[in-house]
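No lab work stands behind these numbers, since they all come straight from the coordinates. The shown structure was predicted, so the numbers you read here are calculated from the model rather than taken from an experiment. Virtual Cβ from ideal backbone geometry, glycine too; neighbours counted across all protein chains shown.
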Amino acid sequence: MRKQILVTNDDGIGADGLRKLVEIACRFGDVTVVAPDAQRSAASHHCIFNRKLLLRACDFGLAGAKAYTLDGTPADCVRVGIFAAAETRPDVVLSGINHGYNISSDIQYSGTVGAALEAAFLGVPAIAVSYGNPEFRATDIVDRFLPALLEEYMEKPLPAHQVWNINIPDCPAEACRGIRRNTVMQTEHFYDDQYLKEDAGEGAWLITNIAERIWQGAENSDLDAVLHQCISVGTVTNLT
């Protein structure tokens with residue numbers, strides 16, 4: 001039976017990862033796309049309630065997919081998609097494919113994961129998908145593994161307020177060393193944060209963040225999986 005699928009992301013309507021996810025999703029059902037009209041990375045679970053949101057139909061160029069842009073956050077896209085844009089309530093929400101990993105402490109900032117968690121909060125199963133290459137190149141690994149993973153995990157129920165989080169390593173398909181299921185989120189610090197302060201005069205400063213990632217993964221963590229060129233599949237729980 002074909003599903004009703006809502007697809008969103010945090011990289012915006014023009015992102016290559018979104019197009020790839022919609023192409024794959026169309027194999028499994030009727031797709032409604034509601035994506036931000038511009039880049040909204042690191043939006044986390046932020047929602048906008050203090051102004052009207054502009055929903056605009058657009059031509060996504062794929063048969064079987066109706067598409068809209070929204071001048072809001074990824075979580076807004078899920079809410080508007082479920083309550084206003086989709087003709088029928090979605091069976092599942094797919095969020096991504098993010099350009100870059102959503103692993104370790106990055107998850108708390110991720111608009112990709114935030115959108116999936118909003119769907120779960122509203123009672124719709126959701127999967128967040130990320131690919132380690134921030135420029136979304138060399139996607140043969142996505143083509144080879146993601147369709148079967150989505151088919152599998154769209155049918156796997158989770159407790160309330162949990163979502164599946166899939167991270168695909170930045171390597172060619174032939175170099176992938178398999179799928180690590182039920183990985184856990186790395187809880188050790190993922191960043192070495194430094195802030196530079198420049199005097200802007202009159203009691204003001206310009207603050208620049210310089211963050212270096214710490215590429216050391218604990219056993220059975222999402223980070224360790226991708227470092228070993230494995231696909232990581234784990235869960236994230238909505239704590240709000």
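Considering only DSSP beta bridges whose two residues both sit in the chain, what percent are antiparallel, to the nearest 5?
Just about 40 percent of them are antiparallel.
Quick one: which residues, 5 or more positions from Ile97 or on another chain, have an amide H under 5 Å from its amide H? H modelled 1.01 Å from N in the peptide plane, none for Pro or chain starts.
Leu18, Leu21
Between Glu202 and Arg144, what length comes free when the chain is fully extended (0.36 nm per residue of separation minus the Cα-Cα distance, one decimal in nm)?
Between Glu202 and Arg144, full extension yields 15.2 nm more.
Restricting to DSSP H runs of at least four residues, report the calculated mean residue ellipticity at 222 nm for the chain, -39500 (n - 2.57) per run over all residues, nearest 500 deg cm²/dmol.
Mean residue ellipticity at 222 nm (helix-derived): -6000 deg cm²/dmol.
³J(HN,Hα) across the stretch 49-65 via Karplus (A = 6.51, B = -1.76, C = 1.60, θ = phi - 60°), whole Hz, x for Gly/Pro?
The phi angles translate into 10, 9, 7, 6, 10, 9, 9, 10, 5, 9, 8, 7, x, 10, 5, x, 10 Hz.
Pull up all non-local amide H partners of Val7: gap of 5 or more, or a different chain, and H-to-H distance under 5 Å with H placed in the peptide plane.
Thr32, Val33, Val34, Leu94
From the mean inverse distance of alpha carbon pairs (Kirkwood) and the Cα radius of gyration, derive Rg over Rh for the stretch 46-125.
0.96
Just tell me the longest site-free run in the chain, where the sites are GluC sites (Glu not before Pro) in a DSSP loop having at most 15 other beta-carbon atoms within 10 Å.
After excluding every exposed loop site, the longest remaining stretch is 1-86.
Counting other Cβ atoms within 10 Å, keep those with at most 13, restrict to DSSP loop, and tell me which trypsin sites (Lys or Arg not before Pro) in the stretch 1-109 are left.
Listed in order of number, the matching sites are Arg2, Arg27, Arg51, Lys52.
Within the stretch 152-215, which trypsin sites (Lys or Arg not before Pro) sit in a loop by DSSP and count at most 12 neighbouring Cβ atoms inside 10 Å?
Taking the stretch 152-215 and a limit of 12 other Cβ atoms within 10 Å, the loop trypsin sites (Lys or Arg not before Pro) found are Arg177.
Shape call for the chain from the C-alpha gyration tensor, a ≥ b ≥ c root eigenvalues: rounded (a/c under 1.5), prolate (a/b greater than b/c) or oblate?
Oblate, since a/c reaches 1.5 and b/c is not below a/b.
Residue-wise, which Karplus ³J(HN,Hα) couplings in Hz belong to the stretch 154-168, taking 6.51 cos²θ - 1.76 cosθ + 1.60, θ = phi - 60°, and x for glycine or proline?
5, 9, 9, x, 10, x, 3, 6, 10, 10, 7, 10, 10, 10, 9
With a ≥ b ≥ c the root eigenvalues of the C-alpha gyration tensor of the stretch 27-164, is it rounded (a/c under 1.5), prolate (a/b larger than b/c) or oblate?
rounded
Give the shape of the stretch 85-142 as rounded, prolate or oblate, defined through the alpha-carbon gyration tensor: a ≥ b ≥ c are the square roots of its eigenvalues, a/c under 1.5 means rounded, and otherwise the shape is prolate if a/b is larger than b/c and oblate if not.
oblate
Starting at the first residue of the stretch 126-133, write each ³J(HN,Hα) from the Karplus equation 6.51 cos²θ - 1.76 cosθ + 1.60 with θ = phi - 60°, in whole Hz, x for Gly and Pro.
For the stretch 126-133, the Karplus curve yields 8, 10, 9, 10, 9, 10, x, 8 Hz.
Taking amide hydrogens as modeled 1.01 Å from N in the peptide plane, which residues meet the under 5 Å criterion relative to Asn133, leaving out close sequence neighbours?
Placed amide hydrogens put Gly100 under 5 Å from Asn133.
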